[in-house]
1. Among A:S152, A:F217, A:A173, flag the residue with its Cα farthest along the positive direction of the charge dipole of region A:142-219, charges on Cβ as +1 for Lys/Arg and -1 for Asp/Glu.
2. Say the cut-off is 24 Å between C-alpha atoms; which of A:K145/B:K149; A:K186/B:K147; A:K67/A:K138; A:K204/B:K42; A:K22/A:K145 go over it?
3. Counting each DSSP H run of 4 or more residues in chain A as -39500 (n - 2.57), what helix-only mean residue ellipticity at 222 nm follows after dividing by all residues, to the nearest 500 deg cm²/dmol?
4. What's the exposure ranking of B:R245, A:R174, going from fewest to most Cβ atoms within 10 Å?
5. At 27 Å minimum axial length over the Cα atoms and a Kyte-Doolittle cut of 1.0, report the qualifying DSSP H helices in chain A, or say none.
6. So what are chain A's ellipsoid semi-axes, whole angstrom, largest first, if each one is the square root of 5 times an eigenvalue of the alpha-carbon gyration tensor?
7. Using amide H atoms built 1.01 Å from N in the peptide plane, name the residues 5+ places from B:V87, or on other chains, whose amide H lies under 5 Å from its own.
8. Please give the average number of partner chain Cβ atoms lying within 10 Å of the Cβ of each residue in B:74-83, rounded to a whole number.
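Read-outs throughout are calculated quantities, based only on the coordinates presented, and are distinct from any laboratory measurement. Being a predicted model, the structure only gives us computed values, none of them experimental. Counting neighbours? That spans all protein chains shown, and the Cβs are built from the backbone with ideal geometry, glycine included.
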Amino acid sequence: MNGFLEYVPGTSLLHRMNPVAKLLFAVIFAIMCFCTSNLVFLGAMLVLGLVMAASCGMMRQTFGLMKAVFVFSLILALLLILTSSSGEPLVDLPWGYIGTGSILAAVTTSVRLEAAAIPLFLTFYVTKMSDLSNSVVKVLHVPYKYAFTFTSTVHFIPVFMNDMKGIMEAQTARGVEFDQGGFVNKVRLMVPLCVPLLVSSVRKTNSAAIAAEVRGFNLRTRESGYKQYPFAAYDIAALVLVIALVVVAVILH
Amino acid sequence: MIEIRNFTFTYRESDAPVVRDINLSIPAGSFVGITGAAGSGKSTLTYAMNGIIPHCYPGDFFGSVTVDGLDTCETSLTDISQIVGSVCQDIDSQIVTSIVEDEMLYGLENFGVPHNEIEKRVEEALEDMGISDLRDRVIASLSGGQKQKVAIASILALKPKVLMLDEPTAELDPASSLQVFQLLARYAREHGTTVVVVEQKIALVSEFADMLVIVDKGTIRFADTPANVLAHSEELLEIGVNCPRATTLMNRLAADGVYNGPVCRNVEEACYALMGILGGNPVGRALAESEAIA
């Protein structure tokens with residue numbers, strides 16, 4: 001079972017692409033989704049995202065992500081439905097009405113968020129975190145400190161989640177009932193556990209910092225990376241494609 | 001290689017010194033085991049040798065510690081690290097990447113090892129630890145023992161003059177612990193590396209070390225060859241260090257005047273010694289036979 005944003009090994013085209021190309025593609029793709037409100041076009045982009053996910057065998061992870069984004073977009077959609085009164089009136093509200101336009105806007109927002117999120121998340125699933133940070137440092141000249149901060153954060157998420165699980169199991173063994181009384185009760189019981197978790201995290205982070213320092217963290221420069229990240233024809237093709245999509249999106253508006 | 005003179009250290013947050021009046025000289029190429037009861041100051045002693053004290057843990061530092069002629073107080077941690085390679089106690093926090101290969105590359109890249117040499121170093125270090133097959137694995141999917149070997153290999157690749165390990169076998173079963181020590185001993189012999197290892201398993205460390213250092217309440221109680229240190233099994237027991245049972249047995253026989261040979265570090269040596277004592281009697285013959293079968 002892979003964790004959040006954890007690399008899934010593979011040999012698909014997306015796996016082999018240049019990390020910088022993938023990242024640029026995903027970021028431009030996400031911006032592009034916000035350049036247009038054309039539902040058909042956004043739908044097509046969502047399908048394109050799913051095709052990309054299928055091509056590298058990440059459908060399961062993608063559906064998991066889509067579910068999470070859907071919950072979030074539902075809140076936005078609800079707000080849109082209740083606040084934007086446009087199109088043919090369907091339901092009257094004290095401050096306006098819910099119209100066909102409001103529903104269209106809500107659906108567009110949901111589809112847009114889903115479409116924008118998929119390539120971004122896929123990038124993390126098909127790229128080793130170290131390749132991503134090394135290439136960003138090498139090609140995009142991002143200072144190594146920032147890249148390292150980001151990779152360490154992602155690296156430590158599963159470690160801390162494991163710690164939390166350990167603390168909760170220890171509490172369960174002493175009779176704390178995390179499985180009773182639903183979500184609110186669970187959160188209420190978890191809050192006091194954040195203190196020991198915080199203490200152990202700070203300690204771990206401190207030893208990680210020392211460990212990085214004794215292995216020459218301060219000497220690292222842009223040229224240090226051993227692996228090279230050349231652009232292949234398909235990387236350039238992908239970037240051309242996404243720029244073309246931006247143009248189409250802007251034209252369609 | 002490492003010289004510690006009148007070293008006393010108090011962590012900023014504590015009142016009493018954790019280690020006091022330490023004098024220790026570690027010659028180049030030696031294999032040194034440090035042991036002692038929990039909280040006796042073993043780790044603090046290693047932090048002093050690899051520069052983490054005073055560079056990362058502030059406090060009152062008295063005396064001097066020199067590594068390969070460099071005073072640890074005047075040399076930056078990064079420079080000390082190029083001489084002393086350290087494997088920490090908490091392996092999870094030492095690991096900075098998620099793939100074995102990247103973990104191996106990390107230190108090599110940072111210390112500016114020429115790129116045409118990196119591949120060879122990575123291959124050799126993985127081979128030395130017997131984990132060449134793990135090269136492309138995700139570290140999170142490895143067992144505790146495998147992670148430990150990856151952590152050690154990533155330091156070996158840097159070819160430090162001194163290798164410092166804090167309880168490298170804490171998470172390992174007896175067979176893997178022995179394997180790690182065998183690999184370390186072989187590596188040190190082949191490369192002339194000085195090895196300093198903090199280890200609770202005294203029987204194991206006595207087999208491999210040239211010098212055994214016993215730390216008790218922040219001071220060095222013994223620093224001698226394992227045989228000479230283990231001769232004091234009664235005193236060791238008093239300070240919370242358990243000798244191998246075979247050693248304790250033979251030391252008692254020696255105290256009773258039954259045995260007068262060298263200190264036995266393990267069952268095999270005790271067996272031979274007993275065969276010698278018992279000579280021609282049936283128990284001796286039975287022991288000799290069982291030894292022959294083994």
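1. Working it through, the farthest residue towards the positive pole turns out to be A:F217.
2. A:K145/B:K149; A:K186/B:K147; A:K67/A:K138
3. Working: 10 runs with 178 residues, N = 253.
About -24000 deg cm²/dmol.
4. Values: B:R245 13, A:R174 7.
The most exposed by this proxy come first: A:R174, B:R245.
5. Values: long enough: A:59-83 (35 Å, 1.81); A:100-126 (40 Å, 1.32); A:144-173 (43 Å, 0.22); A:194-213 (28 Å, 0.72); A:233-252 (28 Å, 2.90).
Length and hydropathy pass: A:59-83, A:100-126, A:233-252.
6. Values: eigenvalues 261, 198, 46 Å².
Value: 36, 31, 15 Å, ordered largest first.
7. B:M164, B:L165, B:D166
8. Numbers: counts 0, 0, 2, 6, 7, 1, 1, 7, 3, 0.
Average per residue, whole number: 3.
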